[in-house]
Amino acid sequence: MTNVPIEDTAATIAQIGRLREAGAGLVRVALRNEASLEYLKIVRQAVDMPLSADVHFNHRIAIGAIEAGIDKVRINPGNIGDDAKVREVVRAAKERSVPIRIGVNGGSIDRAKYPNLNAESLVASAMDHVRILENNDFFDIVVSIKASDVRLTVESNRLFASAAPYPLHVGLTEAGYGVSCVVQSAAAIGALLIDGIGDTIRVSMTGDPVEEVVVAKKILEAAGLRKAPVRIIACPTCGRTDPSLDLLSIAQEVEREMIARFGEALERSGRGIVVAVMGCEVNGPGEAAHADAGIAGGRGGAMLLFSRGEKLRRIAAGDAVCALADEVERIVREDSE
Ligand code: SF4
């Protein structure tokens, strides 16, 4: 989701470009009032990225966004007002085949109706909105049920998935920032994806939204739903690692080199390579036998080059990254022949 006002169209367009480059497949923009629609039109014309409009309460903004060419509208029909307004939004959405996303979260459910915040009340609240659309003969519905609590988010989405046929947009809300956000988002979204639940995902992170996309892609990779063109595996090191080796720096250098040399070609071909950087040659090649190629620390500053668990040769640590890249190039070339 962009985090600049849409009135700043240049910043919005630039941010959408950066999100696209980072791998986002759909970007949501917040429309705060009817005047926002003029700016949305400018943004819509400037980018070909699928866009979702975030609208609260006002049916005219939702309709205007649909007419401006938005690809999805996030609005809760129960908050629009009377039935006639809901019908107008539904008619506009149907005319242009635009799905409506219902978004329920712990902070927004009606506490008078649902005094207890739990999976049942979140799902019941989502279903209240769903039924309004269904009663208007509208079924192109996406639902998101989010909480800031990992367990509550997972349980609510599991419950909804077992009760209703609609696609789910999954994520954690108010997830914070940094390591804490990454771990909590990965736990919640990852658990659901591994269960086969979740059609789109969003990592909510305070700060640059590009980071949200980077983390989301890593979660998809961890859940086996996206193949990383280059995946680096590295051991945590232990007392067997030669103290002269700075394994973290070597692993980071290997990652940079692999992405620079092979990232684009691998992304295009859809193939992924796994490259290992291990602390010792005693256990490293065996522990990383599933890697396409790797290097492992030896004694006295040397490193061992290996491929699919087979030891190839020893090399000076200073030449290891280059030798590893050459070996990966050979493997990629052989595979493509
Ligand atoms: S590969 Fe070697 S250095 Fe790394 S954790 Fe295993 S035993 Fe320790």
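For every residue, the table says whether it meets (1) closer than 24 Å to LEU225 by Cα; (2) modelled with pLDDT of 95 or more; (3) within 16 Å of the ligand (Cβ to nearest atom); (4) not in a helix (DSSP H, G or I).
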{"residue": "THR241", "(1), (2), (3), (4)": "no, no, yes, yes"}
{"residue": "SER244", "(1), (2), (3), (4)": "no, no, yes, yes"}
{"residue": "ALA260", "(1), (2), (3), (4)": "yes, no, no, no"}
{"residue": "GLU281", "(1), (2), (3), (4)": "no, no, yes, yes"}
{"residue": "ALA289", "(1), (2), (3), (4)": "yes, no, yes, yes"}
{"residue": "GLY294", "(1), (2), (3), (4)": "no, yes, yes, yes"}
{"residue": "GLY300", "(1), (2), (3), (4)": "no, no, yes, no"}
{"residue": "GLY318", "(1), (2), (3), (4)": "no, no, no, no"}
{"residue": "VAL332", "(1), (2), (3), (4)": "yes, no, no, no"}
query: Which ones in the stretch 1-53 are of a type in the set (Val, Ile, Thr) and either under 25 Å from GLU174 (Cα atoms) or within 24 Å of the chain's Cα centre (by Cα) (or both)?
result: THR2, VAL4, ILE6, THR12, ILE13, ILE16, VAL27, VAL29, VAL43, VAL47
field: Any chance SER121 is assigned to a helix (DSSP H, G or I), under 21 Å from ASP149 (Cα atoms) and either among the small types (Gly, Ala, Ser) or in contact (Cβ under 8 Å) with a residue 40 or more places away in the chain (or both)
entry: yes
field: Flag for ARG271 being more than 16 Å from the ligand (Cβ to nearest atom), closer than 23 Å to LYS217 by Cα, assigned to a loop (DSSP other than H, G, I, E, B) and touching a helix residue (DSSP H, G or I) at 6+ places or on another chain (Cβ under 8 Å)
entry: yes
query: Which pairs have Cβ atoms under 6 Å, sit 6 or more apart or on different chains, and link a residue in the stretch 283-298 that is under 18 Å from ARG330 (Cα atoms) to one that is surrounded by fewer than 24 Cβ atoms within 10 Å (Cβ to Cβ) and of a type in the set (S, T, N, Q)?
result: ALA293/SER307
message: Going through VAL213, VAL203, VAL182 one at a time, which residue ends up being surrounded by 18 or more Cβ atoms within 10 Å (Cβ to Cβ), modelled with pLDDT of 95 or more and part of a loop (DSSP other than H, G, I, E, B)?
response: VAL203
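The values are calculated or read from the model by the stated rules, or taken from the named source; none is laboratory data. A quick note: this is a predicted structure, and the numbers were derived from the prediction, not measured. Glycine also receives a Cβ, built like all others from the backbone with ideal geometry; neighbour counts cover every protein chain displayed.
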